[in-house]
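K.L.:
What follows is a single structure, and I will ask about it in a moment.
The values are calculated or read from the model by the stated rules, or taken from the named source; none is laboratory data. Remember, it's a predicted structure, so these values are computed and weren't measured experimentally. Cβ sites come from the backbone with ideal geometry, for glycine too, and all protein chains shown count toward neighbours. The protein model used for the area step is the full one, side chains on, heavy atoms only, and it has no ligands, DNA or RNA in it. Shrake-Rupley method; radii C 1.70, N 1.55, O 1.52, S 1.80 Å.
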Amino acid sequence: MKIYTFKATQKLPISLEEAWSFLSDPKNLKLITPDYMGFITLSGDDRPMFPGQIIQYIVTPVLGIPTKWVTEITHVIDKKYFVDEQRFGPYSLWHHKHYIKEIPGGVEMEDIIDYKIPMGILGQLVHPILVKPKLNEIFEYRRTKLIALFGEYKEV
């Protein structure tokens, strides 16, 4: 059983409060997801994140095939971090930690995702040619979109 880890870090020139308000609102996930993924929230985005919250989505990540994805927000520490875990969806395991901390001139956000691909050896074979590049692409889109929304961070 191979478990992969994906990490992304980004700095933004905004306050901790502004960053947390944006990141902890599930409605904003659509805003920072590439349009081609056909992201639609079915339920659970009617309030800011809280432990136990179930959010249901439809995404179309590959070949135009719609996929239902259900996540649970399992941990939330206000203005520090939250964790979402897949309960139903395309991965055998999906555990996504979202950290945020104040830095001089803004905030630093860190995403750490531990995930497992289904289908054993076949899944491991498609990981480097399909899954890993797709995660890189999604998080690069997020990086660009967040800069467009909040501006580019400049070292202080």
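K.L.:
Testing Ile100 on (1) of a type outside the set (Asp, Glu); (2) open to solvent by 40 Å² or more (accessible area, probe 1.4 Å); (3) in contact (Cβ under 8 Å) with a residue 40 or more places away in the chain, one condition comes back false. Which one is that?
P.N.:
In the conditions (1) of a type outside the set (Asp, Glu); (2) open to solvent by 40 Å² or more (accessible area, probe 1.4 Å); (3) in contact (Cβ under 8 Å) with a residue 40 or more places away in the chain, Ile100 misses (2) alone.
K.L.:
I would also like to ask the following. For a quick check of your reading of the model, give me the residue pairs whose first member lies in the stretch 39-57 and is more than 20 Å from Arg142 (Cα to Cα), whose second is acidic (Asp, Glu), with beta-carbon atoms closer than 8 Å and at least 6 apart or on different chains.
P.N.:
Gly52/Glu72; Gln53/Glu72; Ile54/Glu72
K.L.:
If you don't mind, another one. Output the residue which, of all residues in the stretch 58-84 that are within 13 Å of the chain's Cα centre (by Cα) and open to solvent by 40 Å² or more (accessible area, probe 1.4 Å), is nearest to Arg142 (Cα to Cα).
P.N.:
Taking the candidates together, the pick is Tyr81.
K.L.:
What are the pairs with Cβ atoms under 6 angstrom where one residue, in the stretch 132-156, is within 28 Å of Pro90 (Cβ to Cβ) and the other, located anywhere, is surrounded by 12 or more Cβ atoms within 10 Å (Cβ to Cβ) and among the β-branched types (Val, Ile, Thr)? Sequence gap at least six, or different chains.
P.N.:
Arg142/Ile32; Lys145/Ile32
Conditions (1) under 22 Å from Gly38 (Cα atoms); (2) among the aromatic types (Phe, Trp, Tyr), marked per residue:
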position: Val70; (1), (2): yes, no
position: Gln86; (1), (2): yes, no
position: Tyr115; (1), (2): yes, yes
position: Gly120; (1), (2): no, no
position: Glu137; (1), (2): yes, no
position: Thr144; (1), (2): yes, no
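K.L.:
Additional query: Which one of Lys2, Lys68, Lys79 is basic (Lys, Arg) and more than 30 Å from Pro128 (Cα to Cα)?
P.N.:
Values: Lys2 fails: more than 30 Å from Pro128 (Cα to Cα); Lys68 fails: more than 30 Å from Pro128 (Cα to Cα).
Lys79 is the lone residue from the list that is basic (Lys, Arg) and more than 30 Å from Pro128 (Cα to Cα).
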